[in-house]
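Read-outs: derived from the displayed coordinates by stated rules, not from any lab. If you're wondering where the values come from, they're calculated on a predicted model, not measured in any experiment. FYI the Cβ positions are ideal-geometry reconstructions off the backbone, even for glycines, and counts take in every protein chain you see.
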Amino acid sequence: MQEKQLSEQESLLIIQQMIGRARNEFVDTGIGPILWGAVITFCSLFQFAQIHFHLHPPFDIWFLALLAIIPQIFISVKEKRARRVKGWDDDILGYVWLCFGVGVVLVNVINNVASHDINPIIRQYREMTGAEVGNFWTFGTAYLMFVYGFPTIITGASRKFHLMTVGGIVCWVSALIAAFTPTKFDFLLMAVSAALAWLIPGIILRKKYLAQKKQGNV
Amino acid sequence: MFKELDPILHSQLRLAVMSLLIGVKEAEFTYIKEQTGATAGNLSVQMTKLKEAGYIDVIKQFKENYPQTICKITPVGIAAFEAYVKALQSYLPK
């Protein structure tokens, strides 16, 4: 590009082209959403199978979600190093997802403390009355899916990625349904939510990113 | 009534730089060079003009032992770009 005087039409064309190119730079690599979508979907389906088939594996499948933090750290550092442009909302979205991570840990800790205290009482009540009452975890998964929805909707809306926004809304709808369904089915709802909120959008983002990379735009 | 176009912005490369920077918080010099297709020397000269006009900030720093130049648009630059686009609209057929 050379230094020269412009016509008004040429000016408009340059503005359009350059704004479009800057926008292309914000194509997510999709690895993060694929990782978390796959892990949460798998763990939820495993938990569903565990309850349905009365399986007692010698491990807690949700430790996989804890392990996934390690590759996530590497992915985040690598992507940050490779990024040559910072968007207006990058910092805000970073904080939103950080708060989400802390929020998930807090909800899990609170859920575990609550279930530890409340479940024995519910069990006693069930034995005494014979009433069919679910344990605390019938509602615990609903809280988690409610938290899943927040950052997903914010990211989808701010990046104008409608599929992700819809995925976040599915998390909230699933949270509401989970309040009325047995625990076993809550984990199926969680699998659907994670797949729609992160896994499928992640795959689409990845395809878009690879296509852009092929064209040399990112 | 035609409005006067800002001479600082009404040039191909400077307008391209400002149009790139308006959509982002900050960008590396190498990225701007790549996207505009300009030579490093020419880009450097035009960016100095934008900097002198107060339209952009240029920050020189080190990233992993390599020099890195970060560019970002200033509030003055944003106002000038908006005024330029508004003025440009007066030239277009309605």
How far is it, in nm, from the label point at residue A:54 to the one at residue B:60 when both lie 7 Å from their Cα along the line to the Cβ? 7.5 nm
Between helix A:90-129 and chain A, what is the angle of the helix's C-alpha long axis to the longest principal axis, kept within 0 to 90° and rounded to the nearest 10? 10 degrees
Based on the Cβ-Cβ distance of residue A:95 and residue A:173, what FRET efficiency does E = 1/(1 + (r/R0)^6) give at R0 = 25 Å, to the nearest 0.05? 0.45
List the relative contact order of region A:1-139 as a percent without decimals, with contacts defined as Cα pairs under 8 Å and 6+ residues apart. 17 percent
Could you pull out which residues in region A:130-148 have an amide N less than 17 Å from a spot 7 Å beyond the Cα of residue A:76, following the Cα-Cβ vector? A:148
Would you mind checking the tilt of helix B:40-52 against the longest principal axis of the Cα atoms of chain B, expressed as 0 to 90 degrees and rounded to 10? 60 degrees
May I ask you to compute the full-extension gain from residue A:133 to residue A:108, defined as 0.36 nm times their residue separation minus their alpha-carbon distance, rounded to one decimal in nm? 6.8 nm
Would you mind ranking B:59, A:177 by Cβ crowding within 10 Å, fewest neighbours first? B:59, A:177
Starting from region B:1-54, pick out the GluC sites (Glu not before Pro) whose DSSP state is loop and whose Cβ has at most 16 other Cβ atoms within 10 Å. B:4
Using Cβ contacts closer than 10 Å as the measure, can you line up B:55, B:66, A:95, B:31 from fewest to most? B:66, A:95, B:31, B:55
Given the DSSP H assignment, sum -39500 (n - 2.57) over each helix run of at least 4 residues in chain A and divide by its residue total; what's the result at 222 nm in deg cm²/dmol, nearest 500? -25500 deg cm²/dmol
Taking 8 Å as the Cα distance limit and 6 or more residues as the minimum spacing, I'd like the relative contact order of region A:116-167 as a percentage. 22 percent
Taking the simple approach of a point 7 Å from Cα along Cα-to-Cβ for both residue B:90 and residue B:3, what is their distance in nm? 0.7 nm
In whole Hz, what ³J(HN,Hα) sequence does region A:79-84 give by Karplus (6.51, -1.76, 1.60; θ = phi - 60°), x for Gly and Pro? 5, 5, 5, 6, 6, 9
If you average the sequence gap of Cα pairs under 8 Å that are 6 or more apart and divide by the length of chain B, what percent do you get for the contact order? 37 percent
Sketch the reach of a paramagnetic label on residue B:34 as a point 7 Å from Cα along Cα-to-Cβ, and name the residues of region A:10-35 whose backbone nitrogen lies under 17 Å away. A:18-30
Hey, what angle do you get for helix A:137-158 against the long axis of chain A, alpha-carbon based, 0 to 90 degrees rounded to 10? 10 degrees
For B:28-36, what's the mean count of beta carbons from other chains sitting within 10 Å of each residue's beta carbon? 4
B:14, A:21, A:123 arranged by Cβ crowding within 10 Å, fewest neighbours leading: A:123, A:21, B:14
